[in-house]
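Since the structure comes first, as structure tokens, the remarks are kept for the end.
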Amino acid sequence: MYQKNTPKRKTGRILLILAGLILLALAVYQLPPVKSRLSWRIEYALIYLRGVFNPVEAVPTPVASQPLPTATPAATFTPLPATPTPGITPTIAPTPTPLPLQVFLPSPRHEKEDLNACGPATLAMYLNYWGWQGDQFTISDVIKPIRADRNVNVEELVYYSRNYTGWLLTEYRVGGNLEMLRQLLAAEIPVMIEGSFLIDQSYWPNDDRWAGHYLLVNGYDDSRQSFLLQDSERGPDQMVPYETLKADWQSFNYVYILVYPPEKQETVKAILGDNWDPDQNRQNALELAQAETEAEPDNAFAWFNLGTNLVYFDRHADAVTAYDQARSLGLPQRMLRYQFGPFLAYFNALRTEDLLALTDYALDRTANSEEALLWRGWALYRQGNKAEALSSFQQALEAHPGYHDAIYAIEYVQSN
């Protein structure tokens, strides 16, 4: 006997169809090509929505109970005496010879960066210049196993180059300058640097769009006062004015990575001079940062660099004074995604409230930052909250499998 479709039966069929479509969509989403293209878009959409309901504020200023520094330094930071590392003989730079007015080294095969992968992509281009066979994914598989990891720091890149490209030598230093870049390029050695980058789109309301970005410098032209850069985001063979590069470079303490064959070792030593010694290099960078804070007392990056170089010498009380000033002047929203000196300084200076405020802010911007999770754990442990500290350390390990600092923290807390 024929039965009419009742409203209840129609509703049931619609629900079944919707359920089937949802299951189909989920199945399709699991296909690697589809997931690769959609997962980050979904993630960024959720980040934007979170920014709508939880608006992004500025980097926290120092805790009110702490004395704030004035706009000009109340006291100078006394540099450490030069103490060359034992076993390293400082190289005496030869009398400089005039540099060519223009140097353009061959541009390696360009790599368009994958999600959050300017570090591996730029290093891949650098290594390709020397004949290495591989790409950014070869590198990411080792030091960036989770695609959503938003930052690969300099130490991780250096670790890969030193351990997986055995015929090449790798060094990194801070406090670089434009003349040094030109000298290295004239010696046919490209240079990898990290600096400021303006993102093309906003990822949350009121996004300042500031980010960190790696670049490979492989040429210069004095007549145009510009460097030739390989940019994994903007494209190959970008010409950038000298002063623009210097301004962008300052925000990362003028850091640079050098990868070169052994036969160029003595050339590199001669160009770096006393910067070949890592301790003396930091001494020079400390003095540079202090000079910049005196010349531009309202420059937050100069104060931040001063703090970072003081941390290197374990001068944590002085470092937090410099970081306090940088925070009071105002730092970019993503600053603590890339640089972690403040975490170390505030921990060692017993400024636990500031450490928690900074790590919480960093995690609001970058929820899977293993460094912020690690130092949040140490702040919680210091407050006596062992269970939450272990949870934070475990999250850091999940965010970066094999993260040695998190493994150590877990073992330490569990045994104490």
> If we scan the stretch 271-288, do we find a residue that is within 30 Å of Leu374 (Cβ to Cβ), aliphatic (A, V, I, L, M), without any contact (Cβ under 8 Å) to a residue 40 or more places away in the chain and in a helix (DSSP H, G or I)?
Replying inline: no
>> Looking at the structure I just gave you, is Leu169 more than 20 Å from Leu286 (Cβ to Cβ), modelled with pLDDT of 95 or more and crowded, with 21+ Cβ neighbours inside 10 Å?
In response: no
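Matching residues to (1) surrounded by fewer than 21 Cβ atoms within 10 Å (Cβ to Cβ); (2) within 23 Å of the chain's Cα centre (by Cα); (3) not small (Gly, Ala, Ser):
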{"residue": "Pro278", "(1), (2), (3)": "yes, yes, yes"}
{"residue": "Ala285", "(1), (2), (3)": "no, yes, no"}
{"residue": "Glu292", "(1), (2), (3)": "yes, yes, yes"}
{"residue": "Pro297", "(1), (2), (3)": "yes, no, yes"}
{"residue": "Phe301", "(1), (2), (3)": "no, yes, yes"}
{"residue": "Asn305", "(1), (2), (3)": "no, yes, yes"}
{"residue": "Thr308", "(1), (2), (3)": "no, yes, yes"}
{"residue": "Val311", "(1), (2), (3)": "no, yes, yes"}
>> Checking the condition in a helix (DSSP H, G or I) and more than 27 Å from Ile143 (Cα to Cα), which residue from Glu371, Glu411, Glu353 passes?
In response: Glu353
> If you take the residues in the stretch 334-359 that are touching a helix residue (DSSP H, G or I) at 6+ places or on another chain (Cβ under 7 Å) and of a type in the set (D, E, K, R), which one is nearest to Arg150 (Cα to Cα)?
Replying inline: Arg337
>> Can you confirm whether Gln265 is within 25 Å of Arg162 (Cβ to Cβ) and outside the structural domain of Val152 (by TED's automatic domain parsing)?
In response: no
>> Quick check on my filter: what residues within the stretch 374-408 are touching a helix residue (DSSP H, G or I) at 6+ places or on another chain (Cβ under 6 Å) and not in a helix (DSSP H, G or I)?
In response: His400, Tyr403
> Which is touching a strand residue (DSSP E or B) at 6+ places or on another chain (Cβ under 9 Å) and buried (at least 17 other Cβ atoms within 10 Å of the Cβ), of Gln325, Gln333?
Replying inline: Gln333
> How many residues, within the stretch 149-166, are farther than 17 Å from His404 by Cα and surrounded by 14 or more Cβ atoms within 10 Å (Cβ to Cβ)?
Replying inline: 5
> Which one is nearest to the chain's Cα centre (by Cα), of the residues in the stretch 116-135 that are without any contact (Cβ under 8 Å) to a residue 40 or more places away in the chain and surrounded by fewer than 23 Cβ atoms within 10 Å (Cβ to Cβ)?
Replying inline: Asn116
> Residues of the stretch 204-218 being out of contact with any helix residue (DSSP H, G or I) (no Cβ under 6 Å at 6 or more places or on another chain) and touching a residue at least 40 places away in the same chain (Cβ under 8 Å), which ones?
Replying inline: Asn206, Asp207, Asp208, Trp210, Ala211, Leu215, Asn218
> Of all residues in the stretch 96-143 being among the hydrophobic types (A, V, I, L, M, F, W, C) and part of a loop (DSSP other than H, G, I, E, B), which is modelled with the lowest pLDDT?
Replying inline: Leu115
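The values are calculated or read from the model by the stated rules, or taken from the named source; none is laboratory data. Keep in mind that what you see is a predicted model, and the values were worked out from it rather than measured. So basically every Cβ, Gly included, is an ideal-geometry build from the backbone, and we count neighbours across all protein chains shown.
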